[in-house]
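Report on one structure; see the data block that follows.
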Amino acid sequence: MYQPGFKNFVNSGNSFGKVAVLYGGTSAERDVSLKSGRAVANGLREQGIDILELDIGKQGVAQILAAKFDRAFIALHGEGGEDGKVQALLQLLGIPFTGSLHTASAIAMDKLKTKQIWLSANLPTPDYRVLQSSDDFAACLQALGGSVFVKPVHEGSSIGMTCANNKEELKAAFEAAEKFDSEVFAESTVVGREFTVAILGETVLPPIELLPSNRFYDYDAKYISNETRYLCPCNLTPDKNHELCELALKSFKMIGCSGWGRVDALQDEAGNFHLLEVNTVPGMTDHSLVPMAARAVGLSFSELVAEILYLSTSDTGWK
């Protein structure tokens, strides 16, 4: 079972001080962030932590500068909250915050940069092509095996993501993704099982197998549907379970991530794993996966968010 460090921290007389939970934001993931942030705030209150809730809007910098707090729990998803911008601001202000530093946050938010770093380290990830409106979509599809997922480079929660199996579908998927991001790529389809692996400090939590009723684990399956099934612990052999955990932690650290996060991966029909992406501020709603993995090692939701806060970086300020 996981031994939370925050208990010893609190029992020793140390305090987190005033903790601001930053949520909301202005990205396409605002609705999810509102749910995550409110759940986090309630969980921290259960642990007796002094909380300030900040619903970040278009004047987010001014809001943060005007507020008085000692530490921040970042529950902002997507652009402006998960891409390193708020992390950089908090670092400059010398305020400790949860999750990865600004450089790793920015890389993880960029799916292409993440894939390129993984490939440079010989870590497995599906083949891809960056898409342009002038591309030969039929040739692109053929090069990637005839079936692809089209993704905006900088969106999370599967927003703007579509599968395509012919050139007409690929063109339509590209146009749909382009509404969310100026950079779009197609990734070859891996047929098999889908997993997600949560990381808490140096601990890899039990992997979860995702069994959506939809074609893939899309926005509806993540946040709305009650038909998605989850297996935790999952039905991997001990050797494959260990392999996936090791791969998740290595891929997480390869792009400089720290504190907490989640790595998504696929396993093909031959049993090989393929990395998809890293989430540096995973969802914390009632449908979310990190709390599910934490329960498997004996951590309640309130203990989980307190532990994430305990792990918040002290590496702030000018270098």
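Roughly how big is the chain's charge dipole about its Cα centre, with Cβ charges of +1 (Lys, Arg) and -1 (Asp, Glu), in debye to the nearest 20? Present the calculation step by step, with values, prior to reporting the outcome.
Details: 28 positive and 39 negative charges, 163 e Å.
Using only the charged Cβ atoms, the result is roughly 780 debye.
Under the rule of -39500 (n - 2.57) per DSSP H run of 4 or more residues, summed and divided by the residues of the chain, what mean residue ellipticity at 222 nm is obtained, to the nearest 500 deg cm²/dmol?
Helix contribution divided over all residues of the chain: -10500 deg cm²/dmol.
Using amide H atoms built in the peptide plane, which far-off residues or other-chain residues are under 5 Å from Glu53 H to H?
Val21
Just one of (1) 62, 46, 40; (2) 61, 56, 41; (3) 82, 49, 37 is Cα extents along the principal axes in Å calculated from these coordinates, so which is it?
Looking at Cα extents along the principal axes in Å for this model, the match is (1).
Counting Lys and Arg as +1 and Asp and Glu as -1, each charge on the Cβ, what is the dipole of segment 79-138 about the Cα centre in debye, to the nearest 20?
200
Tell me the angle of helix 111-120 to the major Cα principal axis of the chain, expressed in degrees between 0 and 90 and rounded to the nearest ten.
Result, in degrees: 80.
Please compute the per residue accessible area over segment 46-174 with all protein chains in place, 1.4 Å probe, rounded to a whole number of Å².
Heavy-atom SASA per residue in segment 46-174 reads 43 Å².
Of Lys35/Lys250; Lys35/Lys85; Lys85/Lys113; Lys35/Lys58; Lys151/Lys171, which ones are farther than 23 Å apart at the Cα?
Violating the 23 Å Cα-Cα cut-off are Lys35/Lys250.
Report the one residue of Leu276, Thr125, Tyr310 whose Cα lies farthest in the direction of the positive end of the charge dipole of the chain (charges on C-beta: Lys and Arg +1, Asp and Glu -1; origin at the Cα centre).
Of the listed residues, the answer is Tyr310.
How big is the gap, in Å, between the Cα center of segment 12-26 and the Cα center of segment 115-155?
If you average the Cα positions of each part, the centres end up 39 Å apart.
What part of the accessible area of the chain, given as a whole %, is carbon or sulfur when the probe is 1.4 angstrom?
50
Please get the size of the charge dipole for segment 21-61, origin at its Cα centre, with Cβ charges of +1 on Lys and Arg and -1 on Asp and Glu, quoted in debye to the nearest 20.
Value, rounded to 20: 100 debye.
With a 1.4 Å probe and all protein chains kept in place, how much accessible area does Ile117 have, in Å² rounded to the nearest 10?
50
Can you tell me the 0 to 90 degree angle between the C-alpha axis of helix 30-46 and the longest principal axis of the chain, rounded to 10?
30
Cross-link partners among aspartates and glutamates for Lys115, C-alpha distance below 12 Å, same-chain residues fewer than 8 apart left out?
Asp127, Glu187, Glu277
Rounded to the nearest 10 degrees, what's the angle between the helix 167-178 long axis and the longest principal axis of the chain, both from Cα atoms, 0 to 90?
With both axes taken from Cα atoms, the answer is about 20 degrees.
Applying a 10 Å radius around every beta-carbon, put 240-246, 63-69, 40-46, 106-112 in order of their mean neighbour count, most first.
106-112, 40-46, 240-246, 63-69
Taking the Cα centre of the chain as the origin and placing charges on Cβ (Lys, Arg +1; Asp, Glu -1), which of Gly99, Ser188, Leu244 is farthest toward the positive end of the dipole?
Gly99
Considering the chain as a Gaussian network with a 10 Å cut-off on Cα pairs, which listed residue, Ala177, Ala198, Ala121, attains the greatest mean-square fluctuation?
So, out of Ala177, Ala198, Ala121, the one fluctuating most is Ala121.
The values are calculated or read from the model by the stated rules, or taken from the named source; none is laboratory data. Here the structure is a predicted model, which means the values were calculated and not measured. Positions of Cβ are backbone-derived with ideal geometry, glycine not excepted, and every protein chain shown enters the neighbour counts. The accessibility values were calculated without ligands, DNA or RNA, using every heavy atom of the protein model including side chains. Shrake-Rupley method; radii C 1.70, N 1.55, O 1.52, S 1.80 Å.
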